[in-house]
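A quick write-up on the structure given underneath.
The values are calculated or read from the model by the stated rules, or taken from the named source; none is laboratory data. Only a predicted model underlies this, so the values are computations on that prediction, with no experimental measurement involved. Because the Cβ atoms are built from the backbone with ideal geometry, glycine has one as well, and the counts that use them run over all protein chains shown.
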Amino acid sequence: MKISSTRLGELEVVQEQIFFFPKGLPGFPGERKFAFLPEEDESEDKPMFAYLQSISNPALTFILVDPFAFFPAYELVIDDNTELVLGISGNNVPMIWTIATVKDEIKDMTVNLLAPLLFNINENIAGQMILDDSRYTTKHKVFSAEEVLLETEGGEDASTES
Amino acid sequence: MLVLSRKIGESIWIGDDIVLRIADVKGDMVRIAIDAPKEIKIYRGEIYDAIIEANKVAAMPKDITLPKIKK
């Protein structure tokens, strides 16, 4: 189906990309349907970024970050209520993403590790879960000073030295 | 919205499964005991408000290009 996004333009999305949020999101309780749009990057197996686009509101787009790509020690306990509402379990492990905030520059991007988004990819149900964990906040800096941001640089990753 | 006053030791039922009890009051601090089924999530208000705020700020991203990261 076609959906409109103010930031991303006209998008063609398939059913598998559309997730139902039974409780919307805190701050957006009426927003129940979003399209999940991972960033395509031919050099990576697993995308680190994605967009979450509201189906009904073209102006509502979230940037998502794979928390484990930047915080390998990130861990979360999924409570019973969340398992019930989202239909997830040990046999149906959810996809986990966190919402990013970009105020001015990408390098200052932060993510909300305190309230990750969980996606049941078998039944296309999703929700935001608030963790009971004082280690995490709503604003974790994604990029450290040493991280390298590239737009179009040539490859040290494809070493062909002999 | 219901607004009411309770003394220490008194309680409030919400639905048939949730009870709030005023356990103690000391100065401006009120201690509350909450009995609820474990499926019901209970959050301190400032935590929930912080999530709402974070979502609202995050929902207005500037026009940006997502970076290509070398890992």
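Considering only residues in segment A:114-125 that are part of a loop (DSSP other than H, G, I, E, B) and in contact with a Leu (Cβ under 8 Å, 6 or more places away or on another chain), the one that is nearest to A:Leu37 (Cα to Cα) turns out to be A:Pro116. Among the residues of segment A:35-48, are any among the basic types (Lys, Arg), on the phi < 0 side of the Ramachandran plot and under 14 Å from the mean Cα position of the chain (by Cα)? Yes - at least one qualifying residue is present in segment A:35-48. Within segment A:23-38, can one find any residue that is within 18 Å of A:Met109 (Cα to Cα), outside any strand (DSSP E or B) and in contact with an Asp or Glu (Cβ under 8 Å, 6 or more places away or on another chain)? No, there is no match, as no residue in segment A:23-38 is within 18 Å of A:Met109 (Cα to Cα), outside any strand (DSSP E or B) and in contact with an Asp or Glu (Cβ under 8 Å, 6 or more places away or on another chain). Within segment A:55-104, the set of residues being without any contact (Cβ under 8 Å) to a residue 24 or more places away in the chain and assigned to a strand (DSSP E or B) comprises A:Ser89 only.
Mind checking whether some residue in segment B:44-55 is assigned to a loop (DSSP other than H, G, I, E, B) and either at pLDDT 95 or above or within 14 Å of chain A (Cβ to nearest Cβ) (or both)? There is at least one residue in segment B:44-55 that is assigned to a loop (DSSP other than H, G, I, E, B) and either at pLDDT 95 or above or within 14 Å of chain A (Cβ to nearest Cβ) (or both).
Is it true that B:Ala33 is away from every other protein chain (no Cβ under 14 Å) and at pLDDT 85 or above? Judged against the criteria, B:Ala33 is a match. Checked against the criteria, A:Pro72 counts as more than 11 Å from the chain's Cα centre (by Cα) and within 12 Å of another protein chain (Cβ to nearest Cβ). Of A:Val77, A:Val93, A:Val111, all but one fail to be crowded, with 18+ Cβ neighbours inside 10 Å and of a type outside the set (Lys, Arg); the exception is A:Val111.
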